[in-house]
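See structure below.
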């Protein structure tokens, strides 16, 4: 898998997780709202049907209490109440058309209330009966007409199904729109009337189409935007840290390069100044042996000698001021692979810009004795030189390999590039100060790296790479186990 894809994979997984969690929460909230609406409809349906059932009981109770005369005014009741199909009356000495009604009348007298004489759910009818004195009455009711359409809370095309159930029989009051889905809502409650022990049953299927897909899509887009913003912030912070680290390394490199330069200048100028001092002192002795010279000549020679000493002391102080401290005093166990990874991290933008994919092999547990800052500067300089060399070849031919291994008592880092390489006649001079194979180079980088490596008890060497390119080998003492 390419490194760019590996870097993006955690962010993609994070977005998927956030999008899935948010979508699940939105779906749960939508289902909860639909369930709440379903429960509300169920309570309203139960209340309306219970009111009709209590009304039927009140009709029978009124008829039994008033005991209409021979004119039978109760026969006008079906015209006033559409759900009442007919009103039957049994006077003393008469009998009911159904023998089961006689038993129901006895039960009614015993309970002193209306009872259910019979239910025919196949035809949607039920008969209520109340025993009275001298006459008893029965209502033949159309249960479907008992539904108060004007107040019914559920639309005709709703997916909610409503039915009445009694002793294994069922009467469908509203069929509901058939839906297939993984979620199922149910509600069951008995009517608030002892004479009509019917269960009101509501059910609803909720399918995938009922989920808030628009809101979930917006949430996914928002999650993607948030992940992208976090990623941009992290990249910006990483770039800022990388720039700060590069600035620190650059400052260290400039100081070390200044030390190299000042040390070289002090070494080069100290010899002629020493010669001036010696010649001036000799002249003073000669003047003292020769015929006497004037006091002014002697004073001038003394001033020349004093100025020469002063120049030598100034250069000595300069050298001591910029001279690096003893490297051995700062040595400590350092993970060589960690130093390499830090340098690769800092140079990651340079690698991407040059289309170079560094490959690191072996030695992940290798520890060497080194100054962490000096080691990081050496690795950074070697990698930067390799990247600059790779600019001279086409992108498809660019390769950069780093190998870590233990050889004898040393931890070795090999930096191999497929650049144009170093000519054989220039190879012995690459570590000399002010010698550079690159146009515009100062020629201090490799010299400084070799000095730093030697100061830590190690070495830095260069050799050609077959068939093309260069190999730099850094060896440092292994840390004690």
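The values are calculated or read from the model by the stated rules, or taken from the named source; none is laboratory data. These numbers come from a predicted model, not from an experiment. When we count neighbours, we look across all protein chains shown, and the Cβ atoms used for this are built from the backbone with ideal geometry, even at glycine.
Scanning region 444-467 for residues that are in contact (Cβ under 8 Å) with a residue 60 or more places away in the chain and outside any helix (DSSP H, G or I) yields 444, 456, 457, 458, 460. Of the residues examined, residue 149 is not one that is within 18 Å of residue 47 (Cα to Cα) and surrounded by 16 or more Cβ atoms within 10 Å (Cβ to Cβ). For region 181-223, filtered to residues that are part of a helix (DSSP H, G or I) and over 23 Å from the mean Cα position of the chain (by Cα), the residue that is nearest to residue 140 (Cα to Cα) is 210. Have a look at 22, 61 and point out the one that is within 60 Å of the chain's Cα centre (by Cα) and surrounded by 12 or more Cβ atoms within 10 Å (Cβ to Cβ). 22 is the lone residue from the list that is within 60 Å of the chain's Cα centre (by Cα) and surrounded by 12 or more Cβ atoms within 10 Å (Cβ to Cβ). Residues that are assigned to a loop (DSSP other than H, G, I, E, B) and touching a residue at least 60 places away in the same chain (Cβ under 8 Å) were ranked within region 346-392; the one that is surrounded by the fewest Cβ atoms within 10 Å (Cβ to Cβ) is 357.
Is it fair to say residue 221 is surrounded by fewer than 12 Cβ atoms within 10 Å (Cβ to Cβ), at pLDDT 90 or above and farther than 30 Å from residue 43 by Cα? So residue 221 passes the test. Whether a residue is under 29 Å from residue 333 (Cα atoms), at pLDDT below 85 and outside the structural domain of residue 245 (by TED's automatic domain parsing) was assessed, and residue 446 passes this test. Within region 4-37, how many residues are within 14 Å of residue 212 (Cβ to Cβ) and touching a strand residue (DSSP E or B) at 6+ places or on another chain (Cβ under 7 Å)? Of the residues in region 4-37, 2 are within 14 Å of residue 212 (Cβ to Cβ) and touching a strand residue (DSSP E or B) at 6+ places or on another chain (Cβ under 7 Å).
State yes or no: is residue 134 out of contact with any strand residue (DSSP E or B) (no Cβ under 9 Å at 6 or more places or on another chain), surrounded by 12 or more Cβ atoms within 10 Å (Cβ to Cβ) and assigned by TED's automatic domain parsing to the domain that holds residue 93? In short, no. Looking only at region 64-85, residues that are modelled with pLDDT of 85 or more, outside any helix (DSSP H, G or I) and exposed (fewer than 14 other Cβ atoms within 10 Å of the Cβ) come to 1 in all.
The number of residues in region 86-106 being surrounded by 13 or more Cβ atoms within 10 Å (Cβ to Cβ), touching a residue at least 24 places away in the same chain (Cβ under 8 Å) and in a helix (DSSP H, G or I) comes to 3.
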